[in-house]
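Notes follow once the structure below has been shown.
The values are calculated or read from the model by the stated rules, or taken from the named source; none is laboratory data. Since the structure is predicted, the reported quantities are computational estimates derived from the model, not experimental observations. Here the Cβ is made from the backbone with ideal geometry for all residues, glycine too, and neighbour counts use every protein chain on show. When the accessible area is computed, the model is the full protein with side chains, heavy atoms only, and any ligands, DNA or RNA have been set aside. Shrake-Rupley method; radii C 1.70, N 1.55, O 1.52, S 1.80 Å.
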Amino acid sequence: MARLLSRSARQLYGSHSVMQSQQQTVPIRFYAKEAAPKALKGDEMLKGIFLEVKKKFETAIGVLRKEKITIDPEDPAAVDQYAKVMKTVREKADLFSESQRIQFTIQQRTAGIQDARSYLLALKDIRLKRGLTDELGAEALMMDALEKVEKELKKPLMRNDKKGMALLTDEFNKINQKLGIRKEDLPKYEADLEKKIAKAQLEELKKDALEAMETQKKREEFNDEEMPDVKSLDIRNML
């Protein structure tokens with residue numbers, strides 16, 4: 001559970017510019033023994049980030065103390081309940097969903113990219129690093145569409161080329177239609193992604209719980225005790 005909750009910290013640190021270069025330059029006199037410590041702007045910023053992370057962490061713990069989680073990744077009802085609990089955690093602690101996190105990463109990584117080819121390659125890199133699969137083969141089709149447009153334009157396609165980007169968008173719309181992807185179905189795709197993530201996290205929790213119990217069982221004082229079924233564990237009793 002600590003790993004799941006620590007995402008709030010990673011999100012916050014990842015979305016803050018912690019210090020500007022001039023704030024990192026500390027005069028040597030601050031390190032002299034006779035010099036009284038002074039509060040730096042960077043220190044105040046870090047303190048603010050820490051307090052915000054602390055608040056979000058406590059909010060998440062507050063939700064997990066109330067909601068029942070069954071560690072059974074093979075039970076669709078348990079997966080749905082876990083996904084629902086984690087959604088409540090995100091909403092109350094103001095955290096990103098996985099889709100929002102991906103969108104934020106795309107915006108950050110592609111902000112300075114000027115040509116369409118580098119943009120698509122950056123999207124592929126983001127997908128691979130996040131462990132997402134391209135089950136429909138959409139990436140190859142998108143690159144083929146870009147090749148077609150650039151061949152028609154007789155030059156590399158730049159993202160500020162309105163006419164060229166309109167042609168590429170038309171090609172992408174044809175791909176979406178061919179693959180059966182509709183804009184109105186995007187919320188469903190997001191919900192499906194969150195369920196897959198919820199199941200994967202429950203599988204990880206189950207693995208950790210089983211490993212902990214096996215370690216405990218090897219201790220002499222617990223040799224005669226029968227280990228409980230993972231599904232019977234109540235995380236609320238352990239927080």
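Computed values, structure above
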| item | result |
| --- | --- |
| More than 23 Å apart - percent of Cα-Cα pairs taken over segment 126-231 | 56 percent |
| Per-pair calculated FRET efficiency, R0 = 45 Å: ARG127 and LYS55 via Cβ, rounded to 0.05 | 0.90 |
| Of all accessible heavy-atom area on segment 141-231, the percent that carbon and sulfur account for (1.4 Å) | 52 percent |
| Shape of segment 105-188, Cα gyration tensor, a/c cut at 1.5 | oblate |
| Area of ILE71 that stays accessible when all protein chains are in place (1.4 Å probe, Å², to 10) | 10 Å² |
| Candidate lysines for bridging to LYS154, where Cα separation is under 16 Å - those fewer than 8 sequence places away on the same chain excluded | LYS162, LYS163 |
| Hits among lysines - C-alpha to C-alpha of LYS218 under 24 Å, sequence gap 8 or more where chains match | LYS206, LYS207, LYS231 |
| DSSP-assigned coil residues among GluC sites (Glu not before Pro) in segment 198-236, each with at most 11 further Cβ atoms within 10 Å | GLU225, GLU226 |
| Coil-residue trypsin sites (Lys or Arg not before Pro) of segment 82-166, DSSP, other Cβ within 10 Å capped at 16 | ARG130, LYS154, ARG159 |
| Loop sites in segment 88-169: GluC sites (Glu not before Pro), DSSP, at most 16 other Cβ within 10 Å | GLU135 |
| Modelled label reach - MET227, point 7 Å along Cα→Cβ, segment 57-73 residues with backbone N closer than 19 Å | 70-73 |
